[in-house]
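The values are calculated or read from the model by the stated rules, or taken from the named source; none is laboratory data. What you are looking at is a predicted structure, and each value in this text was computed from that prediction instead of being measured. Note: ideal-geometry Cβ built from the backbone for every residue, glycine included; neighbour counts use all protein chains shown.
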Amino acid sequence: MENPVTAVIVGGGHRAFTYADLSLECPEKLKIVGIADPNPIRRKKAAERYGFDEEHCYENALELAAVPKFADAIINGTMDHQHVYTSIPLLEKGYDMLLEKPFAVNEEEMARLTDVVKKHGNKVMICHVLRYAPFYYEIKKRILSGEIGKIINIQTLEHVSYHHVSTSYVRGKWSNSEKSHTSMLLAKCCHDLDIMMWMMSETEPCAVSSFGSTMQFNAANAPEGAADRCYDCKHIDSCEYSAKKLYIEHPQRWEFYVWDSLEDVENPSIDEKIKLIKGDSPYGRCIYKCDNNVVDHQSVLVGFKDGATGTHNMVGGSTFPSRRIHIVGTKGEIFGNLEDNFFTVSRINASSPEERDVETVDLSALSTQLDAHGGGDIRMVKDFVDFQRGETPSIACTAISDSVAGHLSVFLADRSREQGGAPQRVDINKY
Ligand SMILES: NC(=O)c1ccc[n+]([C@@H]2O[C@H](COP(=O)([O-])OP(=O)(O)OC[C@H]3O[C@@H](n4cnc5c(N)ncnc54)[C@H](O)[C@@H]3O)[C@@H](O)[C@H]2O)c1
């Protein structure tokens, strides 16, 4: 039996459990030996699920940092604005870390965290799970092979479905930046900007500009006579965003957010769920009358030092979720949709009557284990374990410095949007 990497969960929400579950599938690789979380239900759940005793349950990151180090690494799955203050004392204690994105919510936090990591030399990997989706991983390999030449332009797109945008960014945890301390671009698209920067790693971003607004989900668009809550509203059966249609008729939809407050009830009934939605659940509010202040769509334009350009378009409220990438190089192009499980590589061929050669790269053999991130979640944790053991990490593996370009571009894109699109200079070498 190999010696597994040992890890303590800090912030036992659904993300941390997703990663920690590798220990159940591959106990020879990873062993979970403790948890720090103020929520006693989550502490108990982790201790039972991963088999450690109460002695290794702590109320928060600080309490854990106060006892002698007893594991190799931390899996930090706290909420966005908690990442930096929960991480620093544990990094100072010498733990390595798998840290959720966004790893910081502003430039000042980013500088503090990168300074601590530089000083203590910890191995810190950010959960850029999309890098590990076979779709993006294979595209990166094609770029590294040089077959499309030097990149001239990169376009990425994320469509956030109507049920996802309404659950997370209008009614839910990331809807109000004063409470979540995150913008929609940071919470949703730091992945996409990371993918863009990863594909463009031969150069670096030097300027960004951005526009976006809350165009759809605001009071002016509420149907005539709409009530504040869906179960008091005459439009409950006709509005596509009514809580009845979205969550009661489909109780599994975003269940880990919508039914989060029922986690102490074993198998809650539909009547209990209706009672919650009719009560004070944020998910029972009229979609047009929430306290959301984040954008529902945003476009970002990036200039790179070598003269290349890039765009990212995020649109919330689409009929289905979708991520797309189109990269144009001096010799050819790569194009595909994450959901399709294939992409095409076309190469300029002046001798051919078709003017180009087109290859379709089928990923179905690689995508046996699909999750919300195209199969990236579990592959990423496996890479973290290899990174920990000093084995050669994959091409997707990130040191914290590799995540700076994407995060910084997001912070500055948001500043540009707030200033009506004014270009912002990007300098990743400050971090
Ligand atoms: N990588 C991805 O693709 C992806 C996808 C979704 C969410 N996320 C990110 O994952 C993170 C977690 O999201 P979630 O929905 O699992 O969150 P969650 O709210 O379910 O879990 C956070 C946990 O942190 C605990 N906590 C709060 N303060 C703490 C402290 N001081 N010390 C220790 N624990 C503390 C809370 O009690 C809670 O159990 C967020 O940053 C989110 O943006 C990443």
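Here are the numbers for this structure:
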| item | result |
| --- | --- |
| Flag if Y85 is among the hydroxyl-bearing types (S, T, Y), over 27 Å from I378 (Cβ atoms), over 15 Å from the mean Cα position of the chain (by Cα) and within 16 Å of the ligand (Cβ to nearest atom) | yes |
| Qualifying residue in segment 282-293 (condition: within 16 Å of the ligand (Cβ to nearest atom), of a type in the set (F, W, Y) and at pLDDT 95 or above) | yes |
| Residues within segment 372-419 that are crowded, with 21+ Cβ neighbours inside 10 Å, farther than 29 Å from F256 by Cα and within 16 Å of the ligand (Cβ to nearest atom), tallied | 0 |
| Complete set of residues in segment 254-273 that are small (G, A, S) and either away from the ligand (no atom under 16 Å from the Cβ) or surrounded by fewer than 11 Cβ atoms within 10 Å (Cβ to Cβ) (or both) | S269 |
| Out of I148, I152, sole residue that is in a loop (DSSP other than H, G, I, E, B) and of a type in the set (A, V, I, L, M, F, W, C) | I148 |
| Of residues in segment 1-38 being in a loop (DSSP other than H, G, I, E, B) and within 17 Å of the chain's Cα centre (by Cα), the one nearest to D260 (Cα to Cα) | G13 |
| One residue from P102, P134 being surrounded by 22 or more Cβ atoms within 10 Å (Cβ to Cβ) and more than 14 Å from the ligand (Cβ to nearest atom) | P134 |
| Qualifying residue in segment 359-368 (condition: within 20 Å of the chain's Cα centre (by Cα) and touching a residue at least 60 places away in the same chain (Cβ under 8 Å)) | yes |
| Residue match in segment 350-371 (condition: of a type in the set (D, E, K, R) and assigned to a helix (DSSP H, G or I)) | no |
| Residue pairs meeting the criteria (Cβ under 7 Å; at least 6 apart or on separate chains; first under 19 Å from S23 (Cα atoms) and touching a residue at least 24 places away in the same chain (Cβ under 8 Å), in segment 36-50; second more than 10 Å from the ligand (Cβ to nearest atom) and assigned to a helix (DSSP H, G or I)) | Y50/A20; Y50/S23 |
| Every residue from segment 114-131 that is away from the ligand (no atom under 11 Å from the Cβ) and either under 18 Å from G11 (Cα atoms) or of a type in the set (K, R) (or both) | K118, K119, K123, V124, M125 |
| Subset of segment 178-202 (residues that are within 13 Å of the ligand (Cβ to nearest atom), more than 12 Å from the chain's Cα centre (by Cα), farther than 12 Å from V410 by Cα and of a type outside the set (K, R)) | S180, H181 |
| Segment 58-89, residues that are assigned to a helix (DSSP H, G or I) and either modelled with pLDDT under 95 or of a type in the set (D, E) (or both) | E63, D80 |
| Odd one out for E55 among (1) within 14 Å of the ligand (Cβ to nearest atom); (2) part of a helix (DSSP H, G or I) | (1) |
| From S183, S201, residue being of a type in the set (S, T, N, Q) and under 26 Å from F343 (Cβ atoms) | S201 |
| Residue in segment 342-357 that is closer than 17 Å to E158 by Cβ, in contact (Cβ under 8 Å) with a residue 12 or more places away in the chain and either touching a Phe, Trp or Tyr at 6+ places or on another chain (Cβ under 6 Å) or buried (at least 20 other Cβ atoms within 10 Å of the Cβ) (or both) present | yes |
| Filter result for G77 (away from the ligand (no atom under 11 Å from the Cβ) and either out of contact with any Lys or Arg (no Cβ under 9 Å at 6 or more places or on another chain) or closer than 26 Å to P27 by Cβ (or both)) | no |
| Candidate set: segment 29-43, residues that are surrounded by 15 or more Cβ atoms within 10 Å (Cβ to Cβ) and more than 8 Å from the ligand (Cβ to nearest atom); chosen: the one farthest from T86 (Cα to Cα) | K29 |
| When residues of segment 67-93 are limited to those that are without any contact (Cβ under 8 Å) to a residue 60 or more places away in the chain and in contact with a His (Cβ under 7 Å, 6 or more places away or on another chain), the one surrounded by the most Cβ atoms within 10 Å (Cβ to Cβ) | L91 |
